[in-house]
Amino acid sequence: MVDVKTENTIKCPITQVSEYASNPDNAPEWYVNIHSAEWKTPKPIKIGSQIAFKAKFLGRELTYVYEIVELILGSKLVMKTANGPFSMETIYTWHPVEGNQTKMVLRNKGNPTGFSKFFTSFMATMMRRANRKDLKKIKEILESH
C-alpha cells in the first residue's frame, strides 16, 4: 500500500485555491507529470464525473481515468481510478489559514499490485517528490495572479 500525504500553504483565499485545483482542465498546468486531461462526462465537475489523464511517471507513459467520488465545494475532493495501471485514490483538502491563506493537502493512496515491497517504497518516495513539486507549482501559479 502506498499512502503519500503532502501539504503547502498558499497565500490565496480558499475559494480561489479550491476552484483552481478541483478543475481537471488546470491539472496539466500544475501537475509535473500530467500532460493532458480529457473529460469523459459532461462538465461541470460533480460526483460521478470521469476524467482521463495522460501522464508520465517513472519513465512510463500512463493513461488512467479518475472518477469523482466525493466533492465538498471549497473543502474536499476525492477521485478514484476507474481504470489504469493500479488502483489509486487522490484526495485534496483545503483549510483556511489566518491571513486569508489556504493550506492545501494532497494525498495519494493506492495498491500497486504485482510490485515488490522495495519497489512500492521507491514509488512512494517518487510520488512524494512529485507531489511536493506539484504543490509548489500550484502555489506559484496562484500567488502570481
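Dividing the summed -39500 (n - 2.57) terms of all DSSP H runs of n ≥ 4 by the residue count of the chain sets its mean residue ellipticity at 222 nm at -8500 deg cm²/dmol. Between the helical axis of 117-143 and the longest alpha-carbon principal axis of the chain there is an angle of about 20 degrees.
Mind checking the range 1-98 for chymotrypsin sites (Phe, Trp or Tyr not before Pro) that DSSP puts in a loop (not H, G, I, E or B) and that have at most 16 other Cβ atoms within 10 Å?
On the way: sites: Tyr20, Trp30, Tyr31, Trp39, Phe53, Phe57, Tyr64, Tyr66, Phe86, Tyr92, Trp94; in loops: Tyr31, Phe86.
Passing both the DSSP loop test and the Cβ count: Phe86.
Take the Cα of Glu70, step 7 Å along the line toward its Cβ, and report every residue of the range 91-113 whose backbone nitrogen sits under 18 Å from that point. 91-96, 103-111, by backbone N distance to the label point. Global size of the range 2-143: 14.6, 46 Å for Rg and Dmax (C-alpha atoms, Rg to one decimal, Dmax whole).
Work out how much length Val105 to Glu19 would gain on full extension: take 0.36 nm times their residue separation and subtract the Cα-Cα distance, in nm to one decimal.
Working: separation 86, 0.36 × 86 = 30.96 nm, distance 1.43 nm.
Working it through step by step, the gained length comes to 29.5 nm.
If a spin label sat at a point 7 angstrom from the Cα of Ser36 along the line to its beta carbon, the backbone N atoms of the range 51-83 nearer than 13 Å would be those of 52-56, 62-64. For a straight C-alpha distance cut-off of 13 angstrom, the aspartates and glutamates reachable from Lys109 (same-chain residues fewer than eight places away being disregarded) are Asp3, Glu89. Beyond 23 Å in Cα-Cα separation lie the following of the pairs Lys11/Lys137; Lys5/Lys40; Lys43/Lys137; Lys80/Lys133; Lys40/Lys139; Lys46/Lys136: Lys5/Lys40; Lys43/Lys137; Lys40/Lys139; Lys46/Lys136.
Rule-based calculations on the coordinates, nothing more; no lab input. This is a predicted model, so every value here is computed, not measured. Neighbour counts run over all protein chains shown; Cβ positions are idealised from the backbone, glycine included.
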